[in-house]
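Participant: Before anything else, here's the structure in question.
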Amino acid sequence: QVQLVESGGGLVQAGGSLRLSCVASGSTRDINRMGWYRQASGKYRELVAEIVSGGVTNYGDSVKGRATISRDSTKNAVYLQMNSLKPEDTAAYYCGADAWWNGRLWDYWGQGTQVTVSS
């Protein structure tokens with residue numbers, strides 16, 4: 001079992017920056033990948049950024065060049081740095097992870113943190 005706790009969301013002006021944090025606990029040694037996903041009102045959840053154990057990263061098209069994901073294995077944490085924020089970035093941001101259990105990958109989600117970008 002893996003638990004994820006996010007922090008760092010809030011209000012920010014367009015063009016500004018923020019840094020989101022996600023700390024994992026529980027069976028952290030079984031984690032395969034961790035990432036950030038967002039869901040705006042009335043839309044499907046989409047990838048923002050993810051990172052696998054080997055350090056390979058993937059970014060959603062809408063945030064490429066503006067977002068950077070990093071991890072601190074000693075703290076079982078991942079971070080999302082977002083710059084040049086736009087009103088379109090307004091969404092609930094969720095930390096997600098998958099982890100091995102009984103030979104299969106299981107998905108885990110944090111409770112989410114709201115990011116609102118004002119013009």
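Participant: Over 20 Å from Gly8 (Cβ atoms) and part of a strand (DSSP E or B): does that describe Ala99?
Facilitator: Values: over 20 Å from Gly8 (Cβ atoms): yes; part of a strand (DSSP E or B): yes.
So Ala99 fits the description; yes.
Participant: Would you say Glu50 is in contact with a Gly (Cβ under 9 Å, 6 or more places away or on another chain) and open to solvent by 60 Å² or more (accessible area, probe 1.4 Å)?
Facilitator: Working: in contact with a Gly (Cβ under 9 Å, 6 or more places away or on another chain): yes; open to solvent by 60 Å² or more (accessible area, probe 1.4 Å): no.
It is false that Glu50 is in contact with a Gly (Cβ under 9 Å, 6 or more places away or on another chain) and open to solvent by 60 Å² or more (accessible area, probe 1.4 Å).
Participant: Determine if the stretch 79-86 includes at least one residue that is open to solvent by less than 40 Å² (accessible area, probe 1.4 Å) and assigned to a loop (DSSP other than H, G, I, E, B).
Facilitator: The answer is yes; a qualifying residue exists.
Participant: Can you name every residue in the stretch 53-102 that is closer than 14 Å to Thr28 by Cβ, out of contact with any Asp or Glu (no Cβ under 7 Å at 6 or more places or on another chain) and hydrophobic (A, V, I, L, M, F, W, C)?
Facilitator: Result: Ala77, Val78, Ala97.
Participant: List the number of the failed condition for Leu105; all other conditions in (1) within 27 Å of Ser27 (Cβ to Cβ); (2) out of contact with any helix residue (DSSP H, G or I) (no Cβ under 7 Å at 6 or more places or on another chain); (3) aliphatic (A, V, I, L, M); (4) open to solvent by less than 50 Å² (accessible area, probe 1.4 Å) hold.
Facilitator: (4)
Participant: Could you give me the residue pairs with C-beta distances under 7 Å whose first residue belongs to the stretch 50-63 and is free of Cβ contacts under 8 Å to residues at least 12 places away in the same chain, whose second residue is open to solvent by 60 Å² or more (accessible area, probe 1.4 Å) and assigned to a helix (DSSP H, G or I) wherever it lies, and which are 6+ apart or on separate chains?
Facilitator: Listed pairs, sorted by first residue: none to list.
Participant: What are the residue pairs meeting all of these: first residue in the stretch 72-88, first residue on the phi > 0 side of the Ramachandran plot and modelled with pLDDT under 95, second residue open to solvent by 50 Å² or more (accessible area, probe 1.4 Å) and among the small types (Gly, Ala, Ser), Cβ atoms under 7 Å, and 6 or more apart or on different chains?
Facilitator: As it stands, the answer is Asn76/Ser25, since those pairs meet every condition given.
Participant: Another question, if that's okay. Go through the stretch 9-39 and report how many residues are loosely packed, with under 14 Cβ neighbours inside 10 Å and under 13 Å from Ala91 (Cα atoms).
Facilitator: So the answer is 2.
The values are calculated or read from the model by the stated rules, or taken from the named source; none is laboratory data. Computed from a predicted structure; not experimentally measured. With ideal geometry, Cβ positions are generated from the backbone for all residues, glycine too; neighbour counts draw on all protein chains shown. Heavy atoms of the whole protein, side chains included, go into the accessibility calculation; ligands, DNA and RNA do not. Shrake-Rupley method; radii C 1.70, N 1.55, O 1.52, S 1.80 Å.
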